[in-house]
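Working notes, structure below.
The values are calculated or read from the model by the stated rules, or taken from the named source; none is laboratory data. All of these numbers come straight from a predicted model, not from anything done at the bench. Heads up, the Cβs are rebuilt from the backbone with ideal geometry, glycines too, and the neighbour counts pull from every protein chain shown. Keep in mind that these areas ignore ligands, DNA and RNA; they rest on the heavy atoms of the full protein, side chains included. Shrake-Rupley method; radii C 1.70, N 1.55, O 1.52, S 1.80 Å.
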Amino acid sequence: GQGGLLDVKVHPDFANNQAIYISYSKPNNNKESNTAVMMAKLVNDELVEQKIIMDAKPYTNKRHHFGSRIEFDKEGYLYVTIGDRASRDENPQDLSKYPGKIHRFNADGSIPADNPFVDTEGAIPSIWSYGHRNPQGLVFDEATNTMWETEHAPRGS
């Protein structure tokens with residue numbers, strides 16, 4: 001399908017901390033998968049101190065719309081896009097599910113206290129934006145720190 005290695009991003013201060021972030025399709029034992037994000041340090045061409053900071057459940061046997069772009073804003077927050085996992089009428093609007101969202105983390109993988117749904121019962125606290133189909137482009141305008149995101153659009157009108 002559309003899975004595999006999805007994105008790789010080095011920390012803005014990589015020269016000092018060797019931090020790297022990798023998103024990929026993560027399989028389980030039932031031949032299902034989801035989108036996961038690992039942070040690690042790249043030391044002597046080896047990934048060490050590996051830590052999964054997001055395991056975007058639920059797993060599904062659908063093989064497309066993993067999404068997944070990783071980007072930092074100028075304040076050092078980490079953003080990760082997750083596609084709807086081919087459930088566009090279910091996942092993007094459901095705040096209890098990871099797919100169909102843009103998630104925001106601190107660089108260490110923790111959740112910022114001011115995320116919009118951090119205090120919403122039943123919501124995943126890393127959600128920054130929801131209602132997305134398959135976000136595959138993400139960039140911040142450095143001058144304004146404005147997020148620009150692009151995604152697959154539906155066929156037809």
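Structure notes:
- Close contacts from the stretch 79-95, counting a first residue that is part of a loop (DSSP other than H, G, I, E, B) and a second that is open to solvent by less than 20 Å² (accessible area, probe 1.4 Å) and among the hydroxyl-bearing types (Ser, Thr, Tyr), with Cβ to Cβ under 8 Å and a gap of 6+ residues or different chains, come to Gly83/Thr35; Gly83/Ser68; Arg85/Thr35.
- Checked against the criteria, Phe140 counts as over 20 Å from Ala36 (Cβ atoms) and touching an Asp or Glu at 6+ places or on another chain (Cβ under 7 Å).
- Hits in the stretch 96-117 - residues which are of a type in the set (S, T, N, Q) and touching a residue at least 24 places away in the same chain (Cβ under 8 Å): Ser96, Asn106
- Residues that are open to solvent by 50 Å² or more (accessible area, probe 1.4 Å) and either touching a Gly at 6+ places or on another chain (Cβ under 7 Å) or at pLDDT 95 or above (or both), drawn from the stretch 1-26: Val8, Lys9, Val10, Pro12, Asp13, Phe14, Ala15, Asn16, Gln18
- Qualifying residue in the stretch 121-142 (condition: modelled with pLDDT of 95 or more, open to solvent by 70 Å² or more (accessible area, probe 1.4 Å), of a type in the set (D, E, K, R) and within 21 Å of Ser25 (Cα to Cα)): no
- Inter-residue pairs, beta-carbon under 6 Å, first without any contact (Cβ under 8 Å) to a residue 60 or more places away in the chain and in the stretch 6-26, second open to solvent by 40 Å² or more (accessible area, probe 1.4 Å) and part of a strand (DSSP E or B), 6+ apart: Gln18/Lys41; Gln18/Leu42; Gln18/Val43; Ile20/Val10; Ile20/Leu42; Tyr21/Lys9; Ile22/Val8; Tyr24/Leu5
- Of all residues making up the stretch 72-101, the number that are charged (D, E, K, R) and open to solvent by less than 30 Å² (accessible area, probe 1.4 Å): 4
- Any chance Gly122 is more than 25 Å from Phe14 (Cβ to Cβ), assigned to a loop (DSSP other than H, G, I, E, B) and among the small types (Gly, Ala, Ser): yes
- Residue pairs whose Cβ atoms lie under 9 Å apart, sitting 6 or more positions apart in sequence or on different chains, and linking a residue in the stretch 27-54 that is on the phi > 0 side of the Ramachandran plot and open to solvent by 30 Å² or more (accessible area, probe 1.4 Å) to a partner that is of a type outside the set (A, V, I, L, M) and at pLDDT below 85, are Lys31/Asn61.
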